[in-house]
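The values are calculated or read from the model by the stated rules, or taken from the named source; none is laboratory data. Remember, predicted model here, so these are calculated numbers, not experimental data. Quick reminder, even Gly has a Cβ in these numbers, built from the backbone with ideal geometry, and neighbours come from all protein chains shown.
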Amino acid sequence: MTDVTDADFETAVVERSREVPVVVDLWAEWCGPCRDLGPILESVIAATGGRVELAKVDIDANPAVAQAFQVQSIPAVYALKDGKVVDGFLGAQPEWQVKEFVDRLLPTEEETEVSRLLAAGDEASLRAALELEPAEEQVIVALAELLVGDGRSEEALGLLERIPETPATRRIAALARTGPGGGPEEVEARLADLLDRVKGDDEAREEFVDLLELLPEGDRGAWRRQLSARLF
């Protein structure tokens, strides 16, 4: 069980739910039914042995989360998987109903096997996982990164087209198109070499944008400003 705030909700709940289902309990100190429901949620979720996690949010102290869920009354309970709300209920519930709610979040045998293959991480395991779940983002990202490292960039780019763009997919696609970038110093040297060509050369401009994805986020701003200055 974790107490979550406005500041860490994105990381502790949304991002975490991409790895394990997360149940969000929206409550407040003054709410009697919340005090009844809280221990039931904690007990039922603890019994899953880590296969489901509980995040408690005090809505009085964390109004941004309350607003995001458009809370009208509490207790309000929501379940997130893969960054999205997949289930929920309002009001206090008896233990058997809470258990049914949590049981629906537990991974199927197929999902458990995909997780095992993903953890193995070798190409054969990842391809086997992809056979079971052709659109599983974590598997596609892991396999694409492995393929890029092995020089099979075209196949990696084709795999990435199956799923929505994320920071992880942009980085791997950039590696596939530009080749190994080396450390930040090498990437910045390549960026500097491209600056004089970006205005009239589409390929140079596209390579520049790809190389930015290989830098730490905090180092990209200055290069983006230089790119804008050259283009406009």
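Is the range 53-66 home to any residue that is without any contact (Cβ under 8 Å) to a residue 24 or more places away in the chain and not assigned by TED's automatic domain parsing to the domain that holds residue 143?
no
Please count how many residues of the range 62-84 are within 19 Å of residue 42 (Cβ to Cβ) and either of a type in the set (Phe, Trp, Tyr) or over 23 Å from the mean Cα position of the chain (by Cα) (or both).
The qualifying residues number 4.
Being crowded, with 17+ Cβ neighbours inside 10 Å, without any contact (Cβ under 8 Å) to a residue 24 or more places away in the chain and not assigned by TED's automatic domain parsing to the domain that holds residue 15: is that true of residue 194 here?
Details: crowded, with 17+ Cβ neighbours inside 10 Å: yes; without any contact (Cβ under 8 Å) to a residue 24 or more places away in the chain: yes; not assigned by TED's automatic domain parsing to the domain that holds residue 15: yes.
So residue 194 fits the description; yes.
Scan the range 37-53 for residues that are in a helix (DSSP H, G or I) and β-branched (Val, Ile, Thr) and report the count.
3
In the range 1-53, which residue that is of a type in the set (D, E, K, R) and farther than 16 Å from residue 105 by Cβ is surrounded by the fewest Cβ atoms within 10 Å (Cβ to Cβ)?
Initially, the range 1-53 is screened for residues of a type in the set (D, E, K, R), giving 3, 6, 8, 10, 15-16, 18-19, 25, 29, 35-36, 42, 51, 53.
With the extra rule that they be farther than 16 Å from residue 105 by Cβ, the set shrinks to 3, 6, 8, 10, 15, 29, 35-36.
Numbers: 3: 13, 6: 15, 8: 15, 10: 13, 15: 13, 29: 9, 35: 14, 36: 13.
Filtering first and then ranking leaves 29.
Which numbered condition trips up residue 167, out of (1) surrounded by fewer than 12 Cβ atoms within 10 Å (Cβ to Cβ); (2) of a type outside the set (S, T, N, Q); (3) farther than 21 Å from residue 210 by Cα?
With (1) surrounded by fewer than 12 Cβ atoms within 10 Å (Cβ to Cβ); (2) of a type outside the set (S, T, N, Q); (3) farther than 21 Å from residue 210 by Cα applied to residue 167, the lone miss is (3).
Can you give me the ranges of the helices (runs of 4 or more DSSP H) entirely in the range 166-232 with at least 2 residues that are acidic (Asp, Glu) and under 30 Å from the mean Cα position of the chain (by Cα)?
Details: elements: 167-178, 184-194, 202-212, 220-231.
Because the criterion is at least 2 residues that are acidic (Asp, Glu) and under 30 Å from the mean Cα position of the chain (by Cα), the helices (runs of 4 or more DSSP H) in the range 166-232 that meet it are 184-194, 202-212.
Quick check on the range 107-128. Is at least one of its residues among the basic types (Lys, Arg) and at pLDDT below 95?
yes
Checking residue 56 against (1) surrounded by fewer than 17 Cβ atoms within 10 Å (Cβ to Cβ); (2) in a strand (DSSP E or B): exactly one of these is not met. Which one?
(1)
Suppose the filter is within 17 Å of the chain's Cα centre (by Cα), among the aliphatic types (A, V, I, L, M) and part of a loop (DSSP other than H, G, I, E, B); does residue 20 pass it?
Yes, satisfied.
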